[in-house]
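> First, the structure itself, so that you have it in front of you.
A short reminder: the numbers here are calculations on the coordinates, not readings from a lab. Every value quoted in this text rests on a predicted model; they were computed, and no experiment measured them. Every residue, glycine among them, receives a Cβ derived from its backbone with ideal geometry; neighbour counts consider all protein chains shown.
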Amino acid sequence: MDITEIRVRLAERKRDRLRAFCSVTFDDDFVIRDVKVIQGDQGLFVAMPSRKLTDRCPSCSVKNQLRARYCSECGARLAENRAELDDRGRPRLYVDIAHPVNAEARETIERAVLAAYREELKHSSEPDYRPRPLDDGDDEGLPDEREAPRKPPTMEQEPTTKDEEERPAPQAPPAKRPHRFGEGIFEDDQA
């Protein structure tokens, strides 16, 4: 499998360890989103998308996050330290949703993502920099934003889609009469 595209969205707050979110496309067919570039103690590293682990309340059987002290459904007190410990003796609170199966694949992905991150960091210092969207959503077929920045719509422009043509013009909201504090709480107040 070849990495065919990496999109990087730089984190806005520089004081956090999180530096960027990425989406990685393989063979133009498969995308993994929510890959993170994080500043660790030994430098930058890539974290795969993950989810919080849960367990069930012994009283009502509702799922709760492992850090929860009380059940979100019945309010029962939950046992402390319910999480399994990892190799370093720390509680395991998250599990990867998607991840490489071997070290070689991890290194390939990490090298490519960090190279794309550094390239995006370089582009971010340009005066006309605009971040690319992480997902294509409805942008299918639109040019890359770096090649042709989008202009904000003006009032003189014609509607571009059928939905916009059929949509009625916005109307001013009806005038509201002043109301007293607490009015409308009880049924007999609504006369």
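> Where does the charge balance sit around Ile38 when Lys and Arg score +1, Asp and Glu -1, over other residues with C-beta under 10 Å from its C-beta?
Neighbourhood net charge equals +2.
> What is the set of long-range amide H partners of Leu78 at a cut-off below 5 Å, with H atoms built 1.01 Å from backbone N?
Tyr70, Cys71
> Next question. Can you give the convex hull volume per residue for the Cα atoms of segment 53-117, as a whole number of Å³?
130 Å³
> Shifting gears a bit: Give me Leu10, Leu85 sorted ascending by neighbouring Cβ count inside 10 Å, so fewest comes first.
With the sparsest Cβ surroundings first, the list reads Leu85, Leu10.
> For Ile109, Ile32, what ranking results if the residue with the fewest other Cβ atoms within 10 Å of its Cβ goes first?
By the 10 Å Cβ count, ascending, the order reads Ile32, Ile109.
> With a 10 Å Cβ neighbour count serving as the proxy for reagent exposure, in which order, fewest first, do Val31, Val8, Val95 appear?
Val95, Val31, Val8
> Please list the non-local residues whose amide H lies under 5 Å from the amide H of Leu18, H modeled 1.01 Å from N, same-chain partners needing a gap of 5 or more.
Those lying under 5 Å, H to H, from Leu18 are Gln39.
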